[in-house]
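Just below is one structure, and these are the notes that go with it.
The values are calculated or read from the model by the stated rules, or taken from the named source; none is laboratory data. For clarity, every value in this text was computed on a predicted model and none was experimentally measured. Every residue, glycine among them, receives a Cβ derived from its backbone with ideal geometry; neighbour counts consider all protein chains shown.
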Amino acid sequence: MTEELPRLARPDSVEELSELVAAAHRDLRTIGVYGGGTALADHPPGKTPGLLLDMGGLNQVTEHSPGDLILVAGAGATVAELTRVAETGDQELLSDFPADRTDSGSTLGGAIATRAVGPRRIGRLPLREVVLGVTVVLADGTIAKAGGKVVKNVAGYDLAKLMTGSWGTLGIIASAAIRLYPKPQTQGFVEIPGAEAALSSIGSQVAPAAVEIDRSPGVAATTVVMVEGLPESVESRTRQIIDANPGAMPGVEPSWWARRAQAPVTIRASVSPALVPELVGQVARLEDAIGYPIQLRGSAMGVFDLGIGDLDSDPTIATRVVLEHLRSWGQKQLSATVLCAPASVWGEVDAWGEIPGFGLMTTIKDRFDPDGLLSPGRGIGGL
Ligand SMILES: Cc1cc2nc3c(=O)[nH]c(=O)nc-3n(C[C@H](O)[C@H](O)[C@H](O)COP(=O)(O)OP(=O)(O)OC[C@H]3O[C@@H](n4cnc5c(N)ncnc54)[C@H](O)[C@@H]3O)c2cc1C
């Protein structure tokens, strides 16, 4: 293994994965990870890896226990396949995954590494609570296991939580055990003009599963509330939402549901739910002022992706203007970071702003990957 370490490898077992990582560690080669490849344009590109691991060989579902609401699978298993398996037990993956990315082959490992999230974040546990256990190959090739049914742990760390959102910078996820959820019988959608109803909808007694806002360039925003459950309950709650909101209409799942704004540059803006209507207003004013179309899409919980389009000129300038404008408007109450941008933009703008807990993140990175070999530059803050 040491002499002929390839540039690209597709391990079929955790042992093979471990040997490859150990060999790369001995050679001080950097390692990149390829799941479904749907998030490779997100975050900075990082350094070109000396070894690229294609996780597609680790795609087996090793356990599905509908009675225990648990599914265990290799990190390379696609979310689409896991959804299909869960459906055989009338269940679904508890976390909500982006619909279009699921169709394009995003994997369990990629979803965990990037902390994927979809519209139903209001009524659902966050992904880090859904991952019950993981098997991880650490930077030196050691196989570490954490959670539920496994034996070995990395002292002092909750490995499953640590891997969620780690972007391949702390270890390679080989497999994971995730919690399932009974599949709701029906869903109902209500469209409400504007963004003002978003906050009251989140807290209302109808207990929505999702409240999403979409605003296309030059067009007024729309709020869509989704409820799910038994048919009679969905029908009565849908009626309650319509009665409580002037202009509200029953709808179907919009074409943009669970699909992020697509544009050359995407900025993620987070505010408290109370500030959502103001943020939506700010984006409309900003679009008028700078002349770049901005697609806003996200959750009334306050997390939005802003797709900035038509960047014939310089994407760096547009990115900088939008970031600076949002930060000066929102001050400490808003976080604005670049999620996706051409490679040239990352080093030219303050892509991350102030990152809460960055010192701790750096300490953990040094502990897990002291040689800086795992996906260098791909993590939060360019870790
Ligand atoms: C148009 C568009 C829309 C999107 N919409 C959404 C959305 O609505 N919500 C959302 O959350 N995301 C969204 N994404 C991002 C992306 O689709 C998700 O994050 C997806 O779950 C990534 O899975 P993947 O298998 O394709 O990961 P990949 O693209 O293969 O990998 C992404 C990164 O994760 C790491 N990684 C992958 N596998 C492993 C592993 N086994 N162990 C350790 N690290 C690993 C690597 O560092 C890699 O660089 C969108 C992306 C695009 C382009």
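Answer with yes or no whether residue 334 is within 20 Å of the chain's Cα centre (by Cα), over 18 Å from residue 383 (Cα atoms) and assigned by TED's automatic domain parsing to the domain that holds residue 290. Step through it out loud before you land on a result.
Working: within 20 Å of the chain's Cα centre (by Cα): yes; over 18 Å from residue 383 (Cα atoms): yes; assigned by TED's automatic domain parsing to the domain that holds residue 290: yes.
Taking the combined requirement at face value, the residue satisfies it.
Being over 30 Å from residue 184 (Cβ atoms), away from the ligand (no atom under 11 Å from the Cβ) and surrounded by fewer than 19 Cβ atoms within 10 Å (Cβ to Cβ) is the requirement here; does residue 89 meet it?
Working: over 30 Å from residue 184 (Cβ atoms): no; away from the ligand (no atom under 11 Å from the Cβ): yes; surrounded by fewer than 19 Cβ atoms within 10 Å (Cβ to Cβ): yes.
Here the answer is no, as residue 89 does not meet what is asked.
Scan segment 92-104 residue by residue and report those that are crowded, with 17+ Cβ neighbours inside 10 Å and within 7 Å of the ligand (Cβ to nearest atom).
97, 98, 101
What is the residue count in segment 201-242 for residues that are more than 17 Å from residue 119 (Cα to Cα) and part of a helix (DSSP H, G or I)?
Final tally of qualifying residues: 12.
On the given criteria, is residue 24 small (Gly, Ala, Ser) and either farther than 18 Å from residue 143 by Cα or out of contact with any strand residue (DSSP E or B) (no Cβ under 8 Å at 6 or more places or on another chain) (or both)?
no
Here's the yes/no breakdown for (1) in a strand (DSSP E or B); (2) within 14 Å of the ligand (Cβ to nearest atom); (3) touching a residue at least 40 places away in the same chain (Cβ under 8 Å):
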| position | (1), (2), (3) |
| --- | --- |
| 17 | no, yes, yes |
| 23 | no, no, yes |
| 38 | no, yes, yes |
| 45 | no, yes, yes |
| 48 | no, yes, no |
| 53 | yes, yes, yes |
| 71 | yes, no, yes |
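Which members of segment 55-69 meet the condition of being surrounded by fewer than 17 Cβ atoms within 10 Å (Cβ to Cβ), in a strand (DSSP E or B) and more than 16 Å from the ligand (Cβ to nearest atom)?
Listed by number, the residues that qualify are 63, 65.
Tell me, which residue of segment 351-373 that is surrounded by 14 or more Cβ atoms within 10 Å (Cβ to Cβ) and aromatic (Phe, Trp, Tyr) is farthest from the chain's Cα centre (by Cα)?
368
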